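Heads up: the structure comes next, in structure tokens.
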Amino acid sequence: MQLNGLPFPGREREQATLAQSVADLGRGRPSVVTVLGKPGYGQDRLLRQTAQLAESQGIRVLRAKATPGEQDVRYGVVGQLLAPMDGLTDGSLKALTSRRPEPRSPGLTELLRTARERPTLLVVDDVGWLDAASVRWFGALIRRLPDARIALLVSSTGRHRPGSCPLSSGPVPVTTVELELAPLTARDVAATVAMICGRPGERAFTTAALEASAGNPEVLSEALRHFTQRGYAPIAGRVPELRTLTEAVGGDHTVRVLGLLSDTAVAVVRALAVCGDLLDLSLVYALAGPRATSEPGLTALLLENGLVTASGAGLRLSRPEARGWILAEMPGDERSELHARAAELAYRAAVPDEDIARLLLPAHPVGEPWVIPVLRRTCAAALRAGRTAQAIACLARALEEPLEPAPRAQLGLELAAIEVLAAPEAADRRLTEIIRSGDGGSGRIRVRAADLGLSRGGDNGLRRAVADVLPTADGDERGALAGLFWLTGTHQQEDDTDLGPDGIPPLPADPSCPAQAAARAWRLALRGADLPATRALARRALTVDGGAGALILPRIVAARTLLLTDDLDEAEVRLDVLHTDLRRRHARAAAAMTLTVRGELNLRRGRLDMAERDLAAAERSLPPSLWHPYAAPYLTAVRIVAALENGDADQAGALADAPTSAESRDGASWGHLLFAKALVAVRHDRLPEALELFRSCGRWQLSRGRINPALMPWRSAAARVCAALGDHEEARRLTEEELALARLWGAPSTLGWAQLGVGRVAREGRADRLREAVATLRDAPARLAYAGSLAELAKAELDAGNPQVADPLVTELFSFVTTHRSSSRLVARARALSERTGVPAVRGRLPHPAWATLTEPERRTAALAGLGQGNREIAETLSVTRRTVELRLSGAYRKLGIGGRAELIALLRAAEGCGTDVA
């Protein structure tokens, strides 16, 4: 039966035994009942229910609770027990509170006398903390129980094993019962869930409840009460909330238990909380202090209280999730000291770096030479695994160690490089501080700090810091800082002879410093003047100081300059080398910018797949939300153009409509975004809006001295819109202006694009104009522009009634689109032109039903093989390995049911003029 009909799942047997002892007491049968168990196993609840049952049956109940704080108070528990009893004499009261030795047991006589009239139940919680006088008093009581109507019910929370009653060292002359409480079973947990939540729990929920609570009734019940108070239902989908609540309740429970233990036991538990899973037991005890190894029964005490469990030859916390709760109870300086000593022991024990670093993070500065190398190695491993927060924490902790100025500045530089992934503003502030303070050495660290920060986008605070320290700099440092200053100005239209703010030295006409050479080359490129000098200066910036570890921003700018000078092969090599260097240095922001520049390069070449791969890698390197407002529009603009070329107008529109920071309008890349937005408006046939955006782009560019159409051909793009709106005179003026500037610049791609713009809006001699563009672009690296010129010329010839002239142009156009993604907008144009000319879509169409079963990479590879390209050529064209080409061709041959390349070529030739599109 249950006590008072109150359910306690898992404790039905104990409830029945206790109810029987109350019934026996009513019949005059004394007894001693001891309830044993770990903290939270329900001792208090069972004693409370038993007392309520006894009172309901007219039995007198006297209660007391032993505590650690009163263990030294003489007769402390006896005084609690007898204080409410009627009939206690003044002498007994005085004896209970007196400090003098008392030969007899005060109050015992009165208790025995009054119990003859009314049965009495004595309930004592946690007898393990009884004071010595109370232990003797209860021993005397037990010896007299056979002649008394008294039952003694006591509990012990883990401090005593069954069979060792703390109240008597000899035989007990009455009925004795010891109830050892066990953890709840799965069935008990299910019943508890149903009782507290008001409905049965799902199997997954009850299983999780058992695991999280470890079968502790007190932890389980309290967690479930919090759970139901939040309105949650016991279903599998709420397991995470249950685990969180149980973890909090379990942690609080652990802290309460710790409050009942000795200082040495608490020290051991704290040591286990810090590093029990890293060090063996002897080292854990050494960490806890000298008394830990000498205190008898310490391990048994921890086990009995349920705080630890045996793990091999050592110990571990029963509730590892309670570590934070355990350590939070410590004063901050003691906790820091404990972690520092633990880290030193772990280092001596050759524990892995990552575990040592975990101990060092909350520790005070150690000052040992091994600390910073451990933190650095852990940082590098965390970055490789993508754990940015851990990497930042490691380097930030390393900066707390005592350091000389030079290594401190170097650490700060490394931290700022990765801090941009979480707190870019903090990274800029850190770099600004390094620029202003330096490292007490040659000043190279100030240049590197400025370079790293400005390569993210040109923060004004960093630029002001550079300007402030320039007057005191000299030699190579002065030249490099001046070059970096001029590389990041948004209004770059000052004359070369002008001085900058506060005496910033002007750029020399022929600088030898790489940073100044890059700045001079970029300025010449933006103005569209002196192509040979621009190319030479850009190369100088890349070759004089272009190896690993060199300055970042000058190399990025020099590579972008080579894009404008049509030196795309050289730019690509330099960007590849730069990206490898930046990955090694963990300069994620600069790496993202480098990948975006390479994406623009691949777009110019018409390599859409590679461009999209670079842009995706740029976003992985640095998420768009973390880009500097000055640089973010450049990434968005290149992504928009890539989406448009891929035929994805919806994505391009979403990118164009995405909100941008107001600060972005002041940056050097805002014009790129205006141009890209205008292209989107054209694609959606919003021509007036597109024209205004192109004009805004032009105004923005010209106000900053950006004249060169190689940067972006806004004039010819606006002219095309003007022509569509009927303003042919304005279209002619814009295209002629662009053509004149392109001739002044002299790069074939820029000139060819300008000629293409003229041909697109020409009302007379259109084909001749376009033919000039095709001829100019044929050998230019801007392959996407060349393909566009082929399409425009083919359309012009068809419009002029010359299909025989258009046929080879369409055929050549299909040779181009075959090597590019079939969703490109050029494919749609090529197909439309092929329908007008009768030229098959791609040189040869395959009337083979299995062609549709080929994957897109297999189709593209097979098409190139059918055009006669070898495996090496195909690999270079598609930017894959030769092994990949072999595997794709093998799969294509198998699906087509042919034996090799010869049959594929024969199949293509036999199928010319009919069948299914290969493109």
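Whether any residue in the stretch 464-481 is farther than 22 Å from L421 by Cβ and not in a helix (DSSP H, G or I) is what I want to check. Looking through the stretch 464-481, at least one residue is farther than 22 Å from L421 by Cβ and not in a helix (DSSP H, G or I).
Among the residues of the stretch 748-785, those identified as touching a Leu at 6+ places or on another chain (Cβ under 6 Å) and touching a residue at least 40 places away in the same chain (Cβ under 8 Å) are A754, V758, P781, A785.
Listed by first and then second residue, the pairs with beta-carbon distance under 8 Å, at least 6 apart or on different chains, first residue in the stretch 323-350 and in contact (Cβ under 8 Å) with a residue 24 or more places away in the chain and outside the structural domain of P290 (by TED's automatic domain parsing), second aromatic (F, W, Y) and not in a helix (DSSP H, G or I), are Y347/W370. The single condition among (1) aliphatic (A, V, I, L, M); (2) without any contact (Cβ under 8 Å) to a residue 40 or more places away in the chain; (3) not assigned by TED's automatic domain parsing to the domain that holds L242 that V174 does not meet is (2). Among the numbered conditions (1) part of a helix (DSSP H, G or I); (2) more than 30 Å from D188 (Cα to Cα), the only one that T50 does not meet is (2). Any chance the stretch 704-715 includes a residue that's buried (at least 21 other Cβ atoms within 10 Å of the Cβ) and part of a helix (DSSP H, G or I)? Checked the stretch 704-715: at least one residue is buried (at least 21 other Cβ atoms within 10 Å of the Cβ) and part of a helix (DSSP H, G or I). Based on this model, can you work out whether E812 counts as among the acidic types (D, E), assigned to a helix (DSSP H, G or I) and either modelled with pLDDT under 90 or under 26 Å from M610 (Cβ atoms) (or both)? So E812 fits the description; yes. Residues that are more than 19 Å from E792 (Cβ to Cβ) and either touching a residue at least 40 places away in the same chain (Cβ under 8 Å) or not small (G, A, S) (or both) within the stretch 726-739 comprise D727, E729, E730, R733, E737, listed in sequence order.
Conditions (1) surrounded by fewer than 17 Cβ atoms within 10 Å (Cβ to Cβ); (2) in a helix (DSSP H, G or I), marked per residue:
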| position | (1), (2) |
| --- | --- |
| Q651 | yes, yes |
| E663 | yes, yes |
| L673 | no, yes |
| V680 | no, yes |
| D685 | yes, no |
| E689 | yes, yes |
| R699 | yes, yes |
| A717 | no, yes |
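For the stretch 114-131, the set of residues classified as more than 55 Å from the chain's Cα centre (by Cα) and in contact (Cβ under 8 Å) with a residue 24 or more places away in the chain consists of T114, A115, R116, R118, P119, T120, L121, L122, V123, D131, listed by residue number. For the stretch 504-545, give me each residue that is small (G, A, S), assigned to a loop (DSSP other than H, G, I, E, B) and surrounded by fewer than 20 Cβ atoms within 10 Å (Cβ to Cβ). Residues satisfying the conditions are A509, S512, A529. In summary, D779 fulfils each of the numbered conditions (1) within 29 Å of D569 (Cα to Cα); (2) part of a helix (DSSP H, G or I) with the single exception of condition (2). For the stretch 446-461, filtered to residues that are part of a helix (DSSP H, G or I) and at pLDDT below 90, the residue that is farthest from P407 (Cα to Cα) is N460. Of the helices (runs of 4 or more DSSP H) contained entirely in the stretch 257-316, those carrying at least 3 residues that are modelled with pLDDT of 80 or more and under 36 Å from the mean Cα position of the chain (by Cα) fall at 263-275, 281-288. Scanning the stretch 834-855 for any residue that is under 27 Å from R613 (Cβ atoms), in contact with a Lys or Arg (Cβ under 9 Å, 6 or more places away or on another chain) and either modelled with pLDDT under 60 or among the charged types (D, E, K, R) (or both) turns up at least one such residue.
Screening the candidates R695, R715 for the property of being more than 15 Å from T636 (Cα to Cα), basic (K, R) and in contact (Cβ under 8 Å) with a residue 40 or more places away in the chain yields one hit, R715.
Evaluation of D252 against the conditions (1) at pLDDT 85 or above; (2) under 26 Å from A223 (Cβ atoms); (3) outside the structural domain of P217 (by TED's automatic domain parsing) shows that the sole unmet condition is (3).
Given the structure, is T580 assigned by TED's automatic domain parsing to the domain that holds A450 and either in a loop (DSSP other than H, G, I, E, B) or at pLDDT 95 or above (or both)? Spelling it out, it is not the case that T580 is assigned by TED's automatic domain parsing to the domain that holds A450 and either in a loop (DSSP other than H, G, I, E, B) or at pLDDT 95 or above (or both). Report yes if some residue within the stretch 199-208 is crowded, with 16+ Cβ neighbours inside 10 Å, under 24 Å from R45 (Cβ atoms), more than 33 Å from the chain's Cα centre (by Cα) and not polar (S, T, N, Q); otherwise report no. Yes, the stretch 199-208 has at least one match.
Of the candidates L655, L751, the single residue that is within 30 Å of A519 (Cα to Cα), at pLDDT 95 or above and not in a loop (DSSP other than H, G, I, E, B) is L751.
Here is a yes/no grid of residues against (1) more than 22 Å from A550 (Cβ to Cβ); (2) at pLDDT 90 or above; (3) in a helix (DSSP H, G or I):
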| residue | (1), (2), (3) |
| --- | --- |
| R584 | no, no, yes |
| A589 | no, yes, yes |
| R598 | no, yes, yes |
| L603 | yes, yes, yes |
| M610 | yes, no, yes |
| L615 | yes, yes, yes |
| P633 | yes, yes, yes |
| I640 | yes, yes, yes |
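Using the structure shown, decide if D657 is charged (D, E, K, R), within 30 Å of the chain's Cα centre (by Cα) and surrounded by fewer than 20 Cβ atoms within 10 Å (Cβ to Cβ). Criteria met by D657. For the stretch 348-360, the count of residues that are closer than 30 Å to S625 by Cβ and surrounded by fewer than 19 Cβ atoms within 10 Å (Cβ to Cβ) is nonzero. Checked against the criterion of being touching a strand residue (DSSP E or B) at 6+ places or on another chain (Cβ under 8 Å) and under 27 Å from V154 (Cβ atoms), the candidates T185, T192, T175 yield just one match: T175.
No other residue among L122, L184 is part of a loop (DSSP other than H, G, I, E, B), buried (at least 19 other Cβ atoms within 10 Å of the Cβ) and either at pLDDT 90 or above or outside the structural domain of Y41 (by TED's automatic domain parsing) (or both) apart from L184. Pairing residues of the stretch 206-235 that are closer than 20 Å to A182 by Cβ and outside the structural domain of G306 (by TED's automatic domain parsing) with residues that are among the aromatic types (F, W, Y) and part of a loop (DSSP other than H, G, I, E, B), at Cβ distances under 7 Å and at least 6 apart in sequence or on separate chains, gives N216/Y41; P217/Y41. H628 meets each of the listed conditions (1) assigned to a loop (DSSP other than H, G, I, E, B); (2) at pLDDT 95 or above apart from (2). Of everything listed in (1) touching an Asp or Glu at 6+ places or on another chain (Cβ under 7 Å); (2) basic (K, R); (3) in a strand (DSSP E or B), the single unmet condition for R74 is (3). Just one residue in the set E14, E70 is of a type in the set (D, E) and surrounded by fewer than 20 Cβ atoms within 10 Å (Cβ to Cβ); that residue is E70.
The values are calculated or read from the model by the stated rules, or taken from the named source; none is laboratory data. Quick caveat: nothing in here was measured; it's all calculated off a predicted structure. As a convention, Cβ positions derive from the backbone with ideal geometry for all residues, glycine included, and neighbour counts pool all protein chains shown.
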